[in-house]
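Asks: Sending over a structure as structure tokens; questions will come in a sec.
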Amino acid sequence: RGLEARDELRRAMAGIETLPPRCREVIRLRKVEGFSTREVAEQLGIGINTVEKQTTLGMRALVDFMLGGSGRIERPVYRRSAKKDGL
């Protein structure tokens, strides 16, 4: 059981290392160090919304990695509506 837990921890740490630098730092501060969203935002000099978005993207990528995927961050694709394009 202990060996399995160590293997999972190593895999999680490897997954965290695959994240982009800012996302990796947000995940480290929020999930490893236990800082609040506000504390992370203040420490990194970024907005609370940015911390929340980076946490969401990072955790999705980490789960994907842990389940055998690539662990790449998939950003949503926003499409402009025809009305806004004047069509």
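Asks: How much mean residue ellipticity at 222 nm does the chain get from its helices, if each DSSP H run of length 4 or more adds -39500 (n - 2.57) and you divide by all residues, to the nearest 500 deg cm²/dmol? Display every interim value, and only then the final one.
Replies: On the way: 4 runs with 50 residues, N = 87.
Taken over the chain, the calculation gives -18000 deg cm²/dmol.
Asks: Hey, another quick one. Consider the candidate values (i) 14.5; (ii) 15.2; (iii) 13.8; state which one is Kirkwood radius over Cα pairs in Å computed from the structure displayed.
Replies: (i)
Asks: Would you mind counting up the charge near Leu9? Only other residues with Cβ under 15 Å from its Cβ, with Lys and Arg at +1 and Asp and Glu at -1.
Replies: +2
Asks: What's the longest uninterrupted piece of the chain once you rule out the GluC sites (Glu not before Pro) that are loop residues per DSSP with at most 14 other Cβ within 10 Å?
Replies: With a cap of 14 other Cβ atoms within 10 Å, the longest stretch comes to 34-73.
Asks: What list of ³J(HN,Hα) couplings, whole Hz, do you get for the range 12-23 from phi and the Karplus terms 6.51, -1.76, 1.60, once you set θ to phi - 60° and write x for glycine and proline?
Replies: 4, 5, 5, x, 4, 5, 7, 6, x, x, 5, 4
Asks: Over the chain, what is the relative contact order in whole percent, taking alpha-carbon pairs under 8 Å and six or more residues apart?
Replies: 28 percent.
Asks: Tell me the carbon and sulfur percent of the accessible area for the chain, rounded to whole percent, probe radius 1.4 Å.
Replies: About 51 percent, which is the carbon plus sulfur part of the accessible surface.
Asks: Okay, next question. Under a GNM of the chain (C-alpha, springs under 10 Å), which listed residue has the highest mean-square fluctuation: Val63, Val40, Val77?
Replies: Val77
Asks: Would you mind telling me which residue in Gly58, Gly68, Gly15 has the biggest mean-square fluctuation in a Gaussian network model of the chain, where springs connect alpha carbons within a distance under 10 angstrom?
Replies: For the chain, modelled as a Gaussian network with Cα springs under 10 Å, the answer is Gly68.
Asks: Using the heavy atoms of the protein chains and a 1.4 angstrom probe, tell me the accessible area per residue for the chain in square angstrom. Present the calculation step by step, with values, prior to reporting the outcome.
Replies: Details: 6650 Å² over 87 residues.
Accessible area per residue, the chain: 76 Å².
Asks: For Lys31 and Arg75 in one chain, what is 0.36 nm times their gap in residues minus the Cα-Cα distance, to one decimal in nm?
Replies: 13.8 nm
The values are calculated or read from the model by the stated rules, or taken from the named source; none is laboratory data. A quick note: this is a predicted structure, and the numbers were derived from the prediction, not measured. Neighbour counts run over all protein chains shown; Cβ positions are idealised from the backbone, glycine included. Each accessible area value is taken on the protein alone, full model and side chains, heavy atoms only, with ligands, DNA and RNA left out. Shrake-Rupley method; radii C 1.70, N 1.55, O 1.52, S 1.80 Å.
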